[in-house]
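Notes follow the structure.
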Amino acid sequence: MGKSSKDKRDLYYRKAKEQGYRARSAFKLLQLNDQFHFLDDTNLKRVVDLCAAPGSWSQVLSKKLFNDTTLEQQNERKIVAVDLQPMSPIDHVVTLQADITHPKTLKRILEIFGNEKADFVCSDGAPDVTGLHDLDEYVQQQLIMSALQLTTCILKEGGTFVAKIFRGRDIDMLYSQLGYLFENVVCAKPKSSRGTSLEAFIVCLGYKPPSNWKPRLDVDFSVEEFFSTCNLNKLQISDKLQDWHEEERKIAPFMSCGDLQSFDSDATYRLDDFKGDSILSLDPVQSPTNPPYKKALELKRSGKLTRAI
Ligand code: SAM
């Protein structure tokens, strides 16, 4: 979060800086929690934040699990944050620079948890976009699938999974499938998520996999292979429309969350609409560790950046 971005008039961006969060996404998790209270459970011990950089969700998790808690509670709590990008340290969070689609990552998380399962897994994953809409949608779906696969291998029964999704064409199918693994699946849109974006979050409560089903993390699996032996009626995952049994579809309820009085995330505000200190420009909470544009900046500073013709 820089100082001169045009986003500076987005109030959540501003509030994130004021409250010390590395990204405005922190408010999405906070507003989801205001609705579902999954982080207010005092029994939460092991938590995984997938696709976590720069780390605002991990900051929220760290505060929720470690502020105002007893030493005994703190000793049994662990948060692991995973991202392809390096992350600057966050209190009480173990950061792993790793790919969530790789089986070794699952092994490393389990090692940190002493082979105990997690109570809560969240994923705010977003791949780099290419601008080719179909390809971007496909890669995003693959990332959600990988997050789900990893989650099913690591989440304890009764646990919660929260993940970012984009409400594309096939999203009903995902809700249906999740309904076979969790007691309750809700699609939620926090007020801080821009209304103009297809972004939303699936909140999956009460992990309850079928007893004969073995979760596996394998990126080469098709969705059908992943859900095989899940007692899931084959017709549900058939892509032949005539095979679709309408009465078997599970539709996830859609919910908007966050205070209705809160700021409109699609609006921009003038800084001088706000009196006092808030008019001051604020420094970024955390400078990027190793941004992809680092080399370009170095070249620019040394006057060596040229535009390809
Ligand atoms: N929740 C974060 C926060 O609050 O600061 C923001 C997450 S950002 C929107 C999406 C992240 O997904 C990026 O940092 C990206 O590196 C990460 N990502 C994408 N694909 C990944 C993968 N295969 N493994 C791990 N991280 C991945």
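The values are calculated or read from the model by the stated rules, or taken from the named source; none is laboratory data. Nothing here was measured: the structure is a model prediction, and the numbers come from that model. Please note: Cβ atoms are built from the backbone with ideal geometry, for glycine as well, and neighbour counts cover all protein chains shown. What goes into the accessible areas is simple: the full protein's heavy atoms, side chains included, and nothing from ligands, DNA or RNA. Shrake-Rupley method; radii C 1.70, N 1.55, O 1.52, S 1.80 Å.
Observations on the model:
- Remark: accessible surface ordering of Thr70, Thr95 (largest first) is Thr70, Thr95, probe radius 1.4 Å.
- 3J(HN,Hα) along the range 190-196: x, 4, 7, 8, 4, x, 7 Hz, from the Karplus curve 6.51 cos²θ - 1.76 cosθ + 1.60 with θ = phi - 60°, whole Hz, x for Gly and Pro.
- In sequence order, the range 281-288 has phi-based couplings of 6, 10, 6, x, 5, 9, 5, x Hz under the Karplus curve 6.51 cos²θ - 1.76 cosθ + 1.60, θ = phi - 60°, and Gly or Pro positions carry x.
- Here the range 6-301 carries DSSP beta bridges of which approximately 35% are antiparallel, counting only pairs with both residues inside.
- 5 angstrom amide H check on Thr95, placed H, neighbours 5+ away: Ala81
- Here the scattering of the range 6-301 is modelled by Debye summation over its C-alpha atoms, one equal scatterer each and no solvent; at q = 0.12, 0.14 Å⁻¹ the log10 of I(q)/I(0) is -0.83, -1.12.
- For the range 6-301, size of Cβ-based charge dipole, Lys and Arg +1, Asp and Glu -1, in debye: 780
- Length-normalised contact order of the range 1-103 in % [C-alpha pairs under 8 Å, at least 6 apart]: 22
- Proximal charge balance of Glu116 [Cβ under 12 Å; K/R count +1, D/E count -1]: +3
- Sequence of Cys257, Cys51 from largest to smallest accessible area, 1.4 Å probe: Cys51, Cys257
- Length-normalised contact order for the range 88-153 - Cα pairs under 8 Å, 6+ apart - percent: 36
- With the simple model of a label 7 Å out from the Cα in the direction of the Cβ, Lys104 to Gln142 spans 1.9 nm.
- Close amide H contacts of Arg46 (hydrogens built in the peptide plane, cut-off under 5 Å, sequence separation of 5 or more or a different chain): Lys78, Asp119, Phe120.
- Taking a ≥ b ≥ c as the square roots of the eigenvalues of the Cα gyration tensor, the range 1-143 is oblate, since a/c reaches 1.5 or more and a/b is not larger than b/c.
- 3J(HN,Hα) from dihedral phi, the range 12-18, Karplus parametrisation 6.51/-1.76/1.60, rounded to Hz, x for glycine, proline: 5, 4, 5, 4, 4, 5, 4
- For Gly125, distant residues with modelled amide H under 5 Å away: Lys164
- Take every pair of alpha-carbon atoms less than 8 Å apart whose residues are at least six positions apart; their mean separation over the length of the range 6-301 yields a relative contact order of 20 percent.
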